[in-house]
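The values are calculated or read from the model by the stated rules, or taken from the named source; none is laboratory data. No experiment lies behind these values; they were computed from the predicted model shown. For neighbour counting, all protein chains shown are included, and Cβ atoms are generated from backbone atoms with ideal geometry for every residue, glycine included. These area figures cover heavy atoms from the full protein model, side chains too; ligands, DNA and RNA do not enter into them. Shrake-Rupley method; radii C 1.70, N 1.55, O 1.52, S 1.80 Å.
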Amino acid sequence: MFDFSRENIDLIKADLKEKLPKKRYEHTLGVAYTSAALAMRYGEDIVKAELAGVLHDVAKGEKVSKLKDNMDGFIDPYTDRSYVALVSDKAPQILHAIYAPFLARKNYNIEDKDILSAIRWHTTGKKDMSMLEKIVFVADYIEPNRKQLPGLDEIRKLAFEDITKATGRIANLTIEYLSSQDMYIDKFTYELRDEEV
């Protein structure tokens, strides 16, 4: 079981600093910081939010081919194998979110279901998200190091006013962008968008 102390969180950060590319690590710190700030705003556990932010891209440093190979022996507790196969084929960039809870457990002894679920859903979102899931999903989009995206300033403001509306707005913008690029749009992102329309 993970000891939620500052020292242990700092040890995870130090380990990720060695494993992640510099820009990805800076993004990770930005998401952790923003997650903690949003947790303060919405009365959530600040340490859990920060830790989920730190771990959200734990699998991002892995090669897609390695993730695919490792997924053979991994059962995602949130989705079925046919979905994982579809994502592997159509949108391998989503694999890191599916695999992240496994690595968080294996490498850092994280067993907290709230944290594991928040890092699982940080990329696509889903309907009926918990507050911690919303926090990490939104923090990933609005963190200070994020390059300027359409509507980003509006969403940053909205995130601290009504996080549920912010999640829906992010889902909508994501769908619009992926559609304009003729890219795969995840079913969970559609469900999140439709829930908030």
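First compute the accessible area of the chain with a 1.4 Å probe, then give the percent of it belonging to carbon and sulfur atoms.
The nonpolar share, carbon plus sulfur, comes to 51 percent.
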Given a 1.4 Å probe, how much area per residue of the chain is accessible, in Å²?
50 Å²
List Asp194, Asp128, ordered by accessible area with a 1.4 Å probe, largest first
Asp128, Asp194
Enter the mean projected area of the convex hull around the alpha-carbon atoms of the range 147-197, in nm², rounded to one decimal.
3.7 nm²
Can you list the residues of the range 75-109 with backbone N under 13 Å from a point 7 Å past the Cα of Met183, pointing along Cα to Cβ?
90-95
Restraint check, Lys17/Lys63; Lys157/Lys187; Lys17/Lys126; Lys60/Lys187, Cα-Cα greater than 23 Å
Lys157/Lys187; Lys17/Lys126
Can you tell me how the range 81-197 classifies by the Cα gyration tensor, rounded, prolate or oblate, using a/c under 1.5 as the rounded cut?
oblate
Kirkwood Rh over alpha-carbon pairs of the chain, then Stokes-Einstein at 4 °C and 1.567 mPa s: what D in µm² s⁻¹, rounded to an integer?
77 µm²/s
Please give, to one decimal in nm, the separation of the simple spin-label points placed at Ala14 and Glu154, each 7 Å out from Cα toward the Cβ.
4.5 nm
Could you compute how fast the range 84-131 diffuses translationally, taking Rh as the Kirkwood radius over C-alpha pairs and applying Stokes-Einstein at 10 °C with viscosity 1.306 mPa s? Give it in µm² per second.
140 µm²/s
Excluding same-chain residues fewer than 8 positions from Lys48, which aspartates and glutamates have a Cα within less than 16 Å of its Cα?
Asp3, Glu7, Asp10, Asp57, Glu111, Asp112, Asp114, Glu133, Asp140
